[in-house]
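The values are calculated or read from the model by the stated rules, or taken from the named source; none is laboratory data. As the structure is a computational prediction, the values presented were derived from the model and not from experiment. Here the Cβ positions follow ideal geometry from the backbone for every residue, glycine too, while neighbour counts run over all protein chains shown.
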Amino acid sequence: MLKELSVEEFIREVASSSPAPGGGSVAALAGAQGAGLLSMYCNLSQNREKLGEIVDMLQHSGEEARFLMNKLAEAIDEDTVAFNQVMEAYRLPKKSTEEKAERIMAIQAAALNAANVPMQTARGSLRVLSIVNEVASKGNPAAITDLGVANLQAMAGLTGACYNVRINLDMISDKNVLEKFKLETDEILKQGRDLFDKNCSLIEKII
């Protein structure tokens, strides 16, 4: 599994001539790293004497961040699996009418999954950005740069995931499905950019 590789092994795998793992898996990794740093920030903000009841909120946020981190880490492999399924579908035989029909159905199913996986990455990364916004001015100021990098990584994960959703839409023929994906990616990008900018302002005031 990709997520079980060492950092060096993963980077080398990405840099190889193989088309997968590619941008989708790297976007998921970026989102997972952002969630991990967010969790760390929350864990470093557990001084109840100074923060009082805010600690409870930070603990809850840290737990959600760890959940998101695990889900996004799973998407590292899921994205590569989805890409390989698309490639396999395109390699199916297409000599007879039946084979052509089966191939088209297989391509559509694989393409839908290939769009769904990065969409999940985009949604998870958006939630990371939202939590960053919720905790930015409440935790340990000594760890604010870690939260800043979490914000950067989450935005990279979100943007990269949306790119991958959009590129996979070219293979989908269902217009209703296409419209649904396009509307959601547009909204996620809009919300993500807004949160990212707000987070940068909050974080940079503390640094």
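Of all residues in the stretch 147-163, those that are under 21 Å from Val117 (Cα atoms) have Cβ atoms under 7 Å from Cβ atoms of residues that are among the polar types (S, T, N, Q), 6 or more apart or on another chain, in Gln153/Gln33; Ala154/Ser125; Gly157/Thr121; Gly157/Ser125; Leu158/Ser125; Ala161/Thr121; Ala161/Ser125; Cys162/Thr185.
Which condition does Ala89 not pass, out of (1) closer than 30 Å to Ser61 by Cβ; (2) among the aliphatic types (A, V, I, L, M); (3) surrounded by 16 or more Cβ atoms within 10 Å (Cβ to Cβ), if it passes all the others? If we test Ala89 against (1) closer than 30 Å to Ser61 by Cβ; (2) among the aliphatic types (A, V, I, L, M); (3) surrounded by 16 or more Cβ atoms within 10 Å (Cβ to Cβ), just (1) comes out false.
Each row is one residue, and each column tells you yes or no for (1) of a type in the set (D, E, K, R); (2) within 21 Å of Ser61 (Cβ to Cβ); (3) in a helix (DSSP H, G or I).
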residue	(1), (2), (3)
Lys94	yes, no, no
Arg103	yes, no, yes
Ala106	no, no, yes
Glu134	yes, yes, yes
Ala150	no, yes, yes
Arg166	yes, no, yes
Glu184	yes, no, yes
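Among the residues of the stretch 149-180, those that are within 30 Å of Tyr90 (Cα to Cα) and buried (at least 21 other Cβ atoms within 10 Å of the Cβ) comprise Gly157, Leu158, Gly160, Ala161, Cys162, Asn164, Val165, Asn168. In the stretch 1-80, counting only helices (runs of 4 or more DSSP H) that sit wholly within it, the ones holding 1 or more residues that are surrounded by 23 or more Cβ atoms within 10 Å (Cβ to Cβ) and out of contact with any strand residue (DSSP E or B) (no Cβ under 8 Å at 6 or more places or on another chain) span 23-43.
How do the pairs read when you match residues in the stretch 79-107 that are within 19 Å of Val117 (Cα to Cα) with residues anywhere that are polar (S, T, N, Q) and in a helix (DSSP H, G or I), using Cβ under 6 Å and keeping only pairs 6 or more apart or on different chains? Final answer for the pair search is Asp79/Ser25; Thr80/Ser25; Ala82/Asn113.
Scan Gly124, Gly139 and give me the residue that is surrounded by 23 or more Cβ atoms within 10 Å (Cβ to Cβ) and more than 28 Å from Gly23 (Cα to Cα). Walk me through how you get there before you give the answer.
Values: Gly124 fails: more than 28 Å from Gly23 (Cα to Cα).
Among Gly124, Gly139, only Gly139 is surrounded by 23 or more Cβ atoms within 10 Å (Cβ to Cβ) and more than 28 Å from Gly23 (Cα to Cα).
Candidates Ile188, Ile172, Ile167: the one that is farther than 19 Å from Ala28 by Cα and β-branched (Val, Ile, Thr) is Ile172. Val117 - would you say it is modelled with pLDDT under 95 and part of a helix (DSSP H, G or I)? Here the answer is no, as Val117 does not meet what is asked. If you go through the stretch 49-79 and keep only what is among the aliphatic types (A, V, I, L, M) and either on the phi > 0 side of the Ramachandran plot or at pLDDT below 95 (or both), you end up with Leu51, Ile54, Val55, Met57, Leu58.
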